[in-house]
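Worksheet: one structure, shown below.
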Amino acid sequence: MCGIVGYIGHAGGDRDYFALDVVLEGLRRLEYRGYDSAGVAMYADGDISWRKKAGKVAALDAEIAARPLPDSVLGIGHTRWATHGGPTDLNAHPHVVDGGKLAVVHNGIIENFSTLRAEIEAAGIELQSETDSEVAAHLLALAYNEGETAGDFQASALKVLSRLDGAFTVLFVHDDHPGTIV
């Protein structure tokens with residue numbers, strides 16, 4: 001079963017809480033639920049950095065040890081149980097799109113994802129995974145970059161969420177909104 005964790009904190013003073021530590025601990029606490037991959041996305045210094053790996057959180061820990069992430073006070077994480085697409089690094093969350101500006105983690109299932117995926121592909125967007133989650137990320141990128149909600153992160157997210165059918169929870173982060181998780 002999937003699990004997601006989001007954290008916004010602060011650094012400084014007597015109590016530094018860095019998002020990576022909090023998010024990884026949250027993912028470890030979700031391990032009992034069963035899953036096939038794990039990943040994190042952190043916002044720091046104007047950029048989203050991420051790591052994801054098929055396998056247990058220990059495999060993600062090894063990936064982060066090999067390629068450390070910057071200190072951050074905002075992050076999201078995910079443990080995935082495959083619903084759309086197999087247990088691979090590409091299908092693991094987070095899904096990062098729009099030139100690395102937008103990241104998503106998702107728990108649940110988007111039942112109308114095939115129709116939405118076809119719409120995205122018809123717009124000329126090449127998807128990297130087999131997941132419904134990446135579809136949601138691309139829909140948000142389109143809504144945020146053009147149309148009536150362009151530039152409004154929350155309104156764009158709400159517009160996209162209203163189009164998704166199913167039972168799910170989604171967390172979005174965007175480079176342009178450094179202190180926000182929608």
_Heavy atoms of the protein only, probe of 1.4 Å, neighbouring chains included. What is the accessible area of R28 in Å², nearest 10?_
90
*Carbon-plus-sulfur fraction of the accessible area of the chain, 1.4 Å probe, in percent?*
51
*Might you work out the accessible area of R80 for me, using a 1.4 Å probe with all protein chains in place, and round it to the nearest 10 Å²?*
10
*Under 23 Å Cα-Cα from K101, which lysines qualify once same-chain neighbours fewer than 8 residues away are excluded?*
K52, K53, K159
_Rounded, prolate or oblate for the stretch 137-182? Axes are the square roots of the Cα gyration tensor eigenvalues, ordered a ≥ b ≥ c, and the cut-off for rounded is a/c under 1.5._
oblate
*For the chain, what is the accessible area per residue in Å² when the probe is 1.4 Å?*
45
*How high is the relative contact order of the chain, in percent, with contacts defined as C-alpha pairs under 8 Å that are six or more residues apart?*
22
*Once exposed loop GluC sites (Glu not before Pro) are cut out (DSSP; at most 11 other Cβ, 10 Å), longest piece of the chain*: 1-125
*How far apart, in nm, are two points set 7 Å out from the Cα along the Cα-to-Cβ line at D21 and at E126?*
4.1
*What residue among V23, A41, A150 has its Cα farthest toward the positive end of the dipole of the chain, where the charges are +1 on Lys, Arg and -1 on Asp, Glu, each on the Cβ?*
V23
*Give me the orientation-averaged projected area of the Cα convex hull of the stretch 34-182, in nm², one decimal.*
8.3
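The values are calculated or read from the model by the stated rules, or taken from the named source; none is laboratory data. Just so it is clear, the model here is predicted, and its values are computed rather than measured. Heads up, the Cβs are rebuilt from the backbone with ideal geometry, glycines too, and the neighbour counts pull from every protein chain shown. Only protein heavy atoms, including side chains, enter the accessible area calculation; ligands, DNA and RNA are left aside. Shrake-Rupley method; radii C 1.70, N 1.55, O 1.52, S 1.80 Å.
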